[in-house]
Structures are given as structure tokens and as C-alpha cells.
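Structure record follows, encoded as C-alpha cells.
What follows is calculated from the coordinates using simple rules that are stated; it is not laboratory data. Note that the structure is a prediction, hence the values are computed from the model and not measured. FYI the Cβ positions are ideal-geometry reconstructions off the backbone, even for glycines, and counts take in every protein chain you see.
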């Protein structure tokens, strides 16, 4: 659609070489967004990314809009000067923008006017500076780009003093400093309107679940405002596992980033590799050979089975079935992880995908092992899980009707993956914008329309069954041939431009926005993390539920902190 | 029927229990601590509980398994060790956490660089076990080792120097049989082409 014609004064096409999309003037942004949402069915705002173009003195914020019926992205950008950057917030139009705009404030320092809760999200509130800016250097800074010239370069950004201790930044001091973050957090929470609950005047309690908690799937904290046992409002607090993966990504060469992507969603390392490799292959304009494509699909679907088995097991764990279903599910997972170890060399940090194909070929005996598991063992075990869990009375009592998310809310909150599909929106990146060989295989998008925890559990079982179906076909159709488009190269030439490569990871749409300026290192590397964005809808899902339901809802969203915090 | 979920669940755990003990009987004494038993318990036909009783039993590692790198040398006559490494530095450039640093040797008389390392350090505390160094070495000089029982009491001992990184070709052939065979035939083919063409 021609956005430049609809808004002639404020929108121009992006004509930089290697770029696409539309550049919108900042003041016109909410109107353009509203028009896209209401008139053109671009209701799904999937990803918001900030980019620092230091040489031009500008910040750029990139928005990727999608239609829930499928199709490619509509990319909209807006550029602002680097001094005192401010933009109108899109959160009133698209509620799913809330966390992503907070992240851009946190890491870039761009203010979003009209944002309901403009606080830092990944870093602690006393943090000095905005790390993803190109002129921000961390205390133990070595050099701007790898490979480093020597292991102990002479320069460092003044963080390390002569006696070897890391000093706090200039002008700050830990003495006498008081943490404000909890006060601001609790004030934001407690401003929720008080409902009159009968004649009894009750006080509301602010409760922290986590960050040390056995059921929060990692170091994750929820600040909940409770009226007795009912949740009035809640705010997820994350960032306890933040490693600034995106800044590390800017320093790494394109190839060296692949092992780092393993560590995002550390249970599904092959899916992460897949998304990143797709993004860079788009930039390079290369396609992997057929055999590599089929093997990628087989490994990605095995990863989906692995992740969903873990997720189902730990949902049951959160509900109180202490570890029996979890370990039965994890036992089956062990056999698939042994296959990953034989193919890639590691159970978890697989690092197997390369630009243009795979690192190594998969020998026939391992394909036989995969076939044996897929044909004989896994379907039987999934049916077994289904048989004793799905009709279980306690599971049904605790999960049906809990954590409801309607289809409109799911799209508005940018939910992705099983959370979106369990609410009745049949959106799967593998069908909406097919990549690799998914469009040649015969499979269905799992979709349920209850939108509660029970449907999110059942949809994961459905997806495991569809994955088994896909792997069976891919093994059957697997051609011979090369697994890499050209000779293995450790220095890849990536032309300047931008690319957004996305895959349907087990947790949702995992997208990688990569900007290259022709150098061996990316200029900007952003991860659209499904776990992070799915949490935006958590407050909506938990309002009015009991505390115990909060844990069940969190288990059904299935987050993983490596991805949430990056 | 409402209330039967508990029988369903208990029946399943009873099935797993009986399968484990029935398998114990079928394999009479060879299910644990024997290679065939371990192999059966890692395959798709395993029944019941198939936990590997580490450290008394250890799973055999596949050939691709990667932990810390090592440098390969060929043993010449009189125990002279000929390193394959030429100190080209590609592994140091490609290493994602930048944990390898190499110094090239120089000829003591002319001062010209010779293709061998005089110093080769890997900080194994930083090593991500990604295997990119082994994958992109043009001389098949650095390969991934499989030792994973590496707990130590000091941090300094985790920076491996050249001496600690060296392993003979026989070790490389023992732990990577298929890769060794592929390298050997590739080198033979290249030599045959060179003698034919030259």
C-alpha cells in the first residue's frame, strides 16, 4: 500500500540502498498508526526497534506492522535528532508497544510522550546512561569491534582505575544513594482505582512474586497489588538476566554472533540460530541449498518438540504436580537432545546454522535415529501425556476459564505464538510469511479459541503433533546434495541495508532486525523477543484472578528469561 | 468420569515402575554399568526409567561433541613434535569471546616470521565451546576435545598455554575417527593432484 499517497506531507519512501519502507514525520506517527490499524487491517504491531545513526546525528525508530491474515511487513520509520529525543507514544493505539517503548527509553534515551509508565525496564533505575547509544562505553570496554587487536588493549573508557577496581561513573556515588525504583513501581501499581468491596474497608497489599521463586521460569519478578487473594493489578519486572546481548552483537562479527544467539532462548538454540541466519541471508541475498533447507526444518521442528515438552512439564509443575509430569516429559526430551549432541556437538548451545546452509552434514545413521523417534516413540509418548493430563480434574479446574485473553486483545497486545493462537487468531509465521520449505509440506496451524490457560496447554500438545507430522514429511522428502551454498567463510561480506528475519519459534515470533553498513560487524542488531512481548498482556490476563492463578498464567505464557531480558 | 483422574495418573506411574523393573529382569545384571545396557537405555526402545547413573556410568560421547580446543601435532622420529599450527591467527579472529591469543615465532637469526606459534594461550574460562576455531582452521591444527570433567581449584590454571594444549595425532584419530579419515583422504587427494599436475 502506498503510504506516501495517503499522507503526502508527512510520509516519504525510504530510498536508502538496501532499505525499504516509509519514513514518517514524528508528529504524524499516531495518525498513521491509527489509519493502518483501523482502515488497512495492519492491526498487529510486532516489533519496535531503535537505531542510533551517530554519524548522521539521528535516532531512528523502526516499526514493523503486520496484518493478522498474513503477508509481509509494512515497515514505518521515524527519525529524530540525537539531542533530547522525544516521540509520541504508540501505546494508546497499540497496547503491545508498552514494553518495547520502555526498552527504547532504557537503552537509547528516547522519551515517549504519552506513555502510561515511562520507567526503565531492563536496567536498574540508578543506571547511568543509555547503553545502546554508539557513544556509550562500558567500564571494561576493550574495543569497538571484534576481532580485538590484542588481549589487553591500552584503551578503556575510564572505568578501570590504576588499582584495578571498577569505579562508578563520573558524578555518581553509591554512598547515600537511595533506591527509588520500588517506590515508583509501587506508586504506579497502587494508583489503580479502588473498587468498593461491600461494607468492609480493606487495605490492599503489594506483593512481590520473585525474583527468587521456583515458578517464575527464571529470575523474574511480578509486583502484584492484591485485595485479599484477588489480583487488582500487576506489573512484571524484568532485567535480572540482562546482558546487553544487542551491544555484544554490535561488537561481534556476523559469524561470531551465531553462538551468542544460542544463548537467547537457551532451550531452543536452533530456532534462534535460524532467525538470525535468515535475517543475514536476506541482507546477503543468498539462499541455502535444498538439503540444507530440509535439514533446517527438521532441526527447527525437533527444537519445537523439545521446547513444548519442557513447557508442558513445567506448567504442570507450576500447578503443583511436583515434577512427575515434568520429568516424564523431560525424559522424552533427553532422547532428542542426544540427537542434537550427535548432530551439532552440544545438547543446548547448538551453533549449527551458517549463512547459506549448515555447519556440517547430518549422517544417515543419525537420520535413522530421528526417524525411529518420530515414527515410534514420540507419538506414543505424546498420546500418553495427553491421556493422563488433558482430562485430569485438577488441571481442568485450575486452568479452564483462567487467564482469559480475547482475540482482539491478543492482537492489540502483540502477543505471539501459542498465546496468540490459543486465543483464536490463526497466525503462524510459517504460514503467514513462509520461510525455508514450510510451504511445501502438508501441515496445519494449531488453533484453539478459548484463550485460557487450558487452551494454551492443549495447543502445545497440538503443535507437538504437527511438528511430528512435519518432520516425518521432511525426512521422507530429504534430497541429497550440498549443505552450504558456497565454501565455508569466516569473513562474510554483508552489503549495507536492513533486514528483518523472523521465524516461528516455539515461544512465538522470534525476529531479528539487522542493519549493516558494509562493515564486518552489524551496525544494529535487535532481537524481537516473543517472551518479552507476550508479558505485556499478562496484567490483562491476571486482573480479577487469584494469586495462585498468576503462577498458572505465567506458566502458560511460557517465558524464558534469556530471551525476555537478552 | 469425575474423580477418576487420580486412578489414571497412578496407573501411569505404576506402569513406569513396572516397566523399569521388568527391564531390569530382562537384562539381568547387564542393564547398568555395561556398554550394551547403556546403549539400550539411550535408544528409542528404552522402557521405564533410563537415568544414566553418572559417575559410575558414563554416556559415550558422540564424535561431534565439543568442549575445549586442543592443538594437533604429528610425531616425527626421535620424538620430535611437528605442530600443524602455522600461527595464522584465524582461530583467534573467529573466536566469539576472543579467548585465544597467539604469538608467531620469528627466525632467531634473520628475524623473519616462521609459520609456527611461539606462544598460544586459550583462556578456557572464557571459551564458549562453540567450535568455530576448529571449524575454520585451514590446517586442521586445532580440534575440539571431549574432556568435560574440568573442575579445578584455581582460576589461573584455566589459562592453557601451548604445552597444555598439545595432543598427538593418535589422540585426534581416536576421538574423531570419521573426521580424521576425511582429512586424511582429502590430504591424499590434494597430494595426488599436486604430483600429477607438477
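Beyond 14 Å, the tail of the calculated P(r) for region B:157-198 holds 64 percent of the Cα pairs.
If the segment from residue A:182 to residue A:2 were pulled out straight at 0.36 nm per residue, it would be longer than the present Cα-Cα gap by 60.2 nm. A compact globular protein would have a Cα radius of gyration near 2.2 N^0.38 Å; the ratio found for region A:3-113 is 1.01.
The protection proxy used here, the mean number of other Cβ atoms lying within 10 Å of each residue, ranks peptides B:177-184, A:529-536 as follows, highest first: A:529-536, B:177-184. Starting from the Cα of residue B:33, step 7 Å toward the Cβ, then list every residue of region B:39-79 with an amide N under 17 Å from that point. It comes to B:39, B:51-59, nothing else. Mean-square fluctuation check for chain B, GNM, Cα pairs under 10 Å: which of B:44, B:112, B:58 is largest? The residue that fluctuates most here is B:44.
Per residue of A:527-539, other chain Cβ atoms within 10 Å of the residue Cβ number 0 on average. Multiplying the residue separation of residue B:155 and residue B:21 by 0.36 nm and subtracting their alpha-carbon distance yields 43.8 nm.
Compute the Cα gyration tensor for region A:233-364, then decide on rounded, prolate or oblate, letting a ≥ b ≥ c be the square roots of its eigenvalues: rounded whenever a/c is under 1.5, prolate when a/b is larger than b/c in the other cases, and oblate in all that remain.
Oblate, since a/c reaches 1.5 and b/c is not below a/b.
Mind running the shape call on region A:415-566? Use the C-alpha gyration tensor, a ≥ b ≥ c as the square roots of the eigenvalues: rounded below 1.5 for a/c, prolate if a/b tops b/c, oblate otherwise. Cα axes put region A:415-566 in the oblate bin. Inverting the pair-averaged 1/r between distinct Cα atoms of the protein assembly as shown gives 28.3 Å as its Kirkwood hydrodynamic radius. Taking all Cα pairs closer than 8 Å and separated by 6 or more residues, the relative contact order of region A:434-566 comes to 17 percent. Modelled spin labels at residue A:125 and residue A:323, positioned 7 Å past Cα toward Cβ, are 3.9 nm from each other. Let me test this: with uniform point scatterers at the alpha carbons of region A:350-451, what is the Debye-based log₁₀ I(q)/I(0) at q = 0.21, 0.22 1/Å? Log10 of I(q)/I(0), two decimals: -1.17, -1.18. Normalised by the number of residues in chain A, the mean separation of alpha-carbon contacts (under 8 Å, six or more apart) gives a relative contact order of 17 percent.
Above 13 angstrom, tally the Cα pairs of region A:197-259 and express them as a % of all pairs, no decimals. Percentage above 13 Å: 72. When only Cα pairs below 8 angstrom with a gap of at least 6 residues are kept, region A:3-113 shows a relative contact order of 23 percent. Between residue A:81 and residue A:113, the C-beta separation translates, for a Förster distance of 22 Å, into a calculated FRET efficiency of about 0.90. Within the listed set B:168, B:35, B:117, the residue fluctuating most in the Gaussian network model of chain B (springs between alpha-carbon atoms under 10 angstrom) is B:35. Legend: mean number of C-beta atoms from other chains within 10 angstrom of residue C-beta atoms, peptide B:4-12, equals 4. Once the Cα-Cα distance is subtracted from the 0.36 nm per residue extended length, the residue A:191 to residue A:393 segment shows a gain of 68.9 nm.
How high is the FRET efficiency from residue B:192 to residue A:287, r the C-beta distance, R0 56 Å, rounded to 0.05? Efficiency computed from Cβ-Cβ geometry: 0.95. Highest average first, the peptides A:546-556, A:254-264, B:97-107, A:226-236 ordered by how many other beta carbon atoms sit within 10 Å of their residues are A:254-264, A:546-556, A:226-236, B:97-107.
Go through A:482-494, A:82-94 and give me the packing order, highest mean Cβ count within 10 Å leading.
Working: A:482-494: 15.2, A:82-94: 18.5.
Top of the packing list down: A:82-94, A:482-494.
Each label point was placed 7 Å from the Cα along the Cα-to-Cβ direction; for residue A:34 and residue B:86 their separation is 6.7 nm.
Per DSSP H run of at least 4 residues, take -39500 (n - 2.57); add these up for chain A, divide by its residues and hand me the 222 nm value, nearest 500 deg cm²/dmol. Calculated at 222 nm, the ellipticity per residue is -11000 deg cm²/dmol.
Averaged over peptide A:388-395, the number of partner chain Cβ atoms lying within 10 Å of each residue's Cβ comes to 4.
Is the C-alpha gyration tensor of chain B telling us rounded, prolate or oblate? Criteria: a/c under 1.5 is rounded; beyond that, a/b larger than b/c is prolate, otherwise oblate.
Prolate, because a/c is 1.5 or more and a/b exceeds b/c.
Which log10 I(q)/I(0) values does region B:1-60 give at q = 0.12 Å⁻¹ under the Debye formula, counting every alpha carbon as one identical point scatterer? Each listed q maps to, in turn, -0.37.
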